[in-house]
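The values are calculated or read from the model by the stated rules, or taken from the named source; none is laboratory data. These numbers were taken from a predicted model, which means no experiment stands behind them. Cβ coordinates were reconstructed from backbone atoms using ideal geometry, including for glycine residues, and neighbour counts include every protein chain displayed. Heavy atoms of the whole protein, side chains included, go into the accessibility calculation; ligands, DNA and RNA do not. Shrake-Rupley method; radii C 1.70, N 1.55, O 1.52, S 1.80 Å.
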Amino acid sequence: MKRLFPEHKIRAVSDLCGAWSYKLDPEKVGIDEGWQNGLTDAKTVIVPSVWNTELGLLTYEGAVWYEKRLRTSGGTIRIEFGAVMTTADVWLDGVKLGSHYGAFTSFDFIVNNVSEGEHTLIVRADNTIDEKSFPQRYTDWYNYGGIAREVQLDELKGICILRNHIVYELSSDLKSATVSAELELYNAEDKKQDSAVSVSIGDFCIYNDKVSLDGYEKITLSTPSVALDGITLWDTTSPVLYTVCAKTETDDLIDKIGFRKIETNGLDILLNGKSIYFRGVNRHEEHPDWGFAFPHKLMKKDIDLIVELGCNTVRGSHYPNSRLFLDMLDERGILFWSEIPMWGCGFSEKALKDEVIVERGLAMHKEMTRDYYNHPSIIIWGMHNEIYSSQPCAYDLTKKYYEHLRAHGGNRLITHASNHPLDDICMDFNDIICINIYHGWYNYGGTGSLKDWDKFVDDLRNRLVEKGWYGKPVIMSEFGAAALAGFHSHFDTVRWSEEYQADLLSYCIELFNKTEYMRGTYLWQFCNIRTSFSMDINRVRYFNNKGILDEYRNPKNAYFKVREIYKRLASEGK
Ligand code: ADA
């Protein structure tokens, strides 16, 4: 199940999840030995999954081959992968279909002239980290490998709809919208085809016309804008969704959208014209028993826990999350920050100047905006997290990413999360300024105590004024402390205790809420996560223990303290 609702009523779709065969290739001999033609001595594995959660494979890094027999009625097929970690090479009946790099975004292959019957699909997934990897070796999450999200087979007939972005602008009274569709159409036959094409949003038909495409031709069609009156807005308290249906004579694509407007006005963030304060958490889509192949039921439970905490927003730290999770957020009216896995100081100055890295980041942004464009819950695009944003090379790359997101990202705020705001030079591009700082946990040249925060708030204000950035809303996008679940202390300064974590988070959330230039908090973090073995400092059990829940979602003291504050802020209209 890829989405919360069926995407097609006309197109024939088969779910390729379930039992596959797999085989490790530690010596990377598979290609030379012809494994792309079929695997011998393979074992059974369930897809989606990551191999690290199989017994004995926790630390396996390298190549793993997967095989699936599929059945088609023949003609043109499309095979879509939700996420393969991290490099994927794909063959059908021994013929290479192509490759994809990047663990958290989808990719597909369209194959013509496939004969009716059974075929062999082979995937080689490789999570080897090298100097051009996303993320780099030094990273604060686990480098899982495998086919971690759904795989689907589509039978394409006639003129098909590969993508449908609904582009809209709301009127100033927010009661009507000017709407158009950007469609990607493809002729799945080898000869010219004509077809009627229509697009509807709820009961409104916004387009109905004819197209003609040559054999195997692909086009992008921007439909003329039409005015829609009397629309109902999507917002956090009433997340009204409209079903969007694009249709040809032989194909369809169904999605959901919500009409809403996110913007800034001086220090304020406005959702549908009203000031909003972010009560948020950072969340990894990860679990020690499932890795990044995150179960749908647990997504729902995480959302329940997040709502119960009093949150109105989640940051998908640090990569695009599953679309099913986004569907759930759309339905529940929870705001989402989506970013790419360009994480931290692992991205050295040298890495940021590397053309391959810069282009890989851009490709991830393009895939993210392509797949997630219609989700109303996404209100922030994150360009990168904690890179060397004090360096000119970071400025150049940020500009590139910004230009793509502004032009193709719809109505969202653009930002990056900075952990050195006092010398960051990339904030020109930000609609909102987002700061990750860990006073009271890491020392940062301060005293290491909570009081460092008061000075920080003043220093940051001065820096923003000096750079002319004062006047943009500021969000504290990360702050926190680790606590070992079950470790308690009578002394409130004992680090690693649940009490210290709860005190630090309460202190910070209250302080930031009082700070006149701040408009919200994403605490670090929702729950503990498994981290990489390269994070050998401060990561007891090789987990990042800063969760206010442990990795099995059991609460620490901080969960209840934060809940009290976030719920109070909500009741104060924040
Ligand atoms: C950073 C980073 C997080 C996490 C955090 C921490 O801010 O963005 O992913 O590593 O630090 O726990 O230190």
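For segment 500-508, just list the computed ³J(HN,Hα) in residue order, Karplus coefficients 6.51, -1.76 and 1.60, θ = phi - 60°, integers in Hz, with x standing in for Gly and Pro.
Karplus-based 3J(HN,Hα) across segment 500-508 equals 4, 4, 5, 5, 4, 5, 5, 4, 5 Hz.
Write down the accessible area per residue of segment 19-67 in Å², having rolled a 1.4 Å probe over the full set of protein chains. Walk me through the numbers before you get to the answer.
Values: 2560 Å² over 49 residues.
Normalised by residue count, the accessible surface of segment 19-67 is 52 Å².
I want the local charge near residue 279. Using Cβ-Cβ distances under 13 Å, sum +1 for each Lys or Arg and -1 for each Asp or Glu among the other residues.
Charge balance in the 13 Å sphere: +2.
Once you charge only the Cβ atoms, +1 for Lys and Arg and -1 for Asp and Glu, what is the size of the charge dipole of segment 187-336 about its Cα centre, to the nearest 20 debye?
500
Return the long-range amide H neighbours of residue 12 (sequence gap of 5 or more, or a different chain), with a cut-off of under 5 Å between placed amide H atoms.
Distant-sequence amide H within range of residue 12: 155.
Round to the nearest 0.05 the FRET efficiency obtained for residue 42 and residue 212 when R0 = 45 Å and r is the Cβ-Cβ distance.
Numbers: r = 46 Å, r/R0 = 1.02.
Efficiency at R0 = 45 Å is approximately 0.45.
For the chain, give the percent of accessible area contributed by carbon and sulfur heavy atoms, probe 1.4 Å, rounded to a whole number.
That fraction is 50 percent.
Rg to Rh ratio, segment 426-481, alpha-carbon atoms and Kirkwood radius? Walk me through the numbers before you get to the answer.
Details: Rg = 12.0 Å, Rh = 12.0 Å.
That ratio equals 0.99.
Quick one: dipole size for segment 464-574, taken about the Cα centre, charges +1 on Lys/Arg Cβ and -1 on Asp/Glu Cβ, in debye to the nearest 20.
320
By how many degrees, between 0 and 90 and to the nearest 10, does the Cα long axis of helix 355-372 differ from the longest principal axis of the chain?
Computed tilt is about 80 degrees.
Calculate one ³J(HN,Hα) per residue across segment 143-156 by plugging θ = phi - 60° into the Karplus curve 6.51 cos²θ - 1.76 cosθ + 1.60, and present them in order as whole Hz with x for glycine and proline.
So the Karplus estimates, Gly and Pro as x, are 8, 6, x, x, 8, 8, 10, 4, 10, 9, 10, 10, 9, 9 Hz.
May I ask you to derive the relative contact order of the chain, considering only C-alpha pairs under 8 Å and at least 6 residues apart, and to give it as an integer percent?
Relative contact order comes out at 12 percent.
Largest first and in whole Å, give the semi-axes of the chain's equivalent ellipsoid, each being the square root of 5 times a Cα gyration tensor eigenvalue.
Semi-axes, largest first: 39, 30, 21 Å.
Kindly identify segment 264-571 as rounded, prolate or oblate by the Cα gyration tensor criterion: order the square roots of the eigenvalues as a ≥ b ≥ c, call it rounded if a/c is under 1.5, otherwise compare a/b with b/c, prolate if a/b is larger, else oblate. Could the numbers behind the result be given before it?
Numbers: a/c = 1.30, a/b = 1.17, b/c = 1.11.
It is rounded, given that a/c, with a ≥ b ≥ c, falls under 1.5.
Suppose R0 equals 56 Å; then what is the FRET efficiency for residue 7 and residue 489 from their Cβ-Cβ distance, rounded to the nearest 0.05?
Given R0 = 56 Å and the Cβ-Cβ separation, E is 0.60.
List the residues whose amide H sits under 5 Å from the amide H of residue 425, counting only those 5 or more places along or on another chain, with H placed 1.01 Å from N in the peptide plane.
Sorted by chain and number, the residues that satisfy this are 390, 391.
So with the 1.4 Å probe, I'd like the accessible area per residue for segment 421-521, rounded to whole Å².
Details: 3880 Å² over 101 residues.
Spelled out: the 1.4 Å probe surface of segment 421-521, per residue, equals 38 Å².
Tally Lys/Arg at +1 and Asp/Glu at -1 over every other residue whose Cβ is under 9 Å from the Cβ of residue 1; what's the total?
Result for the local shell: 0.
How far is helix 452-467 tilted, in degrees, relative to the longest principal axis of the Cα atoms in the chain, given as a value from 0 to 90 rounded to the nearest 10?
70
Using the alpha-carbon atoms, what tilt in degrees (0 to 90, nearest 10) does helix 557-571 show relative to the longest principal axis of the chain?
90
I'd like the Karplus ³J(HN,Hα) series for segment 375-390: coefficients 6.51, -1.76, 1.60, θ = phi - 60°, whole numbers in Hz, and an x wherever there's a Gly or Pro.
6, x, 5, 6, 10, 9, 9, x, 6, 5, 10, 6, 8, 6, 7, 9
Sequence-distant or interchain residues sharing an amide H contact under 5 Å with residue 436, placed H: which?
Here 418, 419, 477, 478 satisfy the definition.
May I ask which residue of 110, 414, 361 lies farthest towards the positive end of the charge dipole of the chain, with charges of +1 (Lys, Arg) and -1 (Asp, Glu) on Cβ and the Cα centre as origin?
Most positive-ward Cα: 414.
Can you tell which of 62, 248, 548 lies farthest toward the positive end of the dipole of the chain, using +1 and -1 charges on the Cβ of basic and acidic side chains (Lys, Arg; Asp, Glu)?
548
Could you give the dipole magnitude of the chain about its Cα centre, charging the beta-carbon of Lys and Arg +1 and that of Asp and Glu -1, in debye to the nearest 20?
1060
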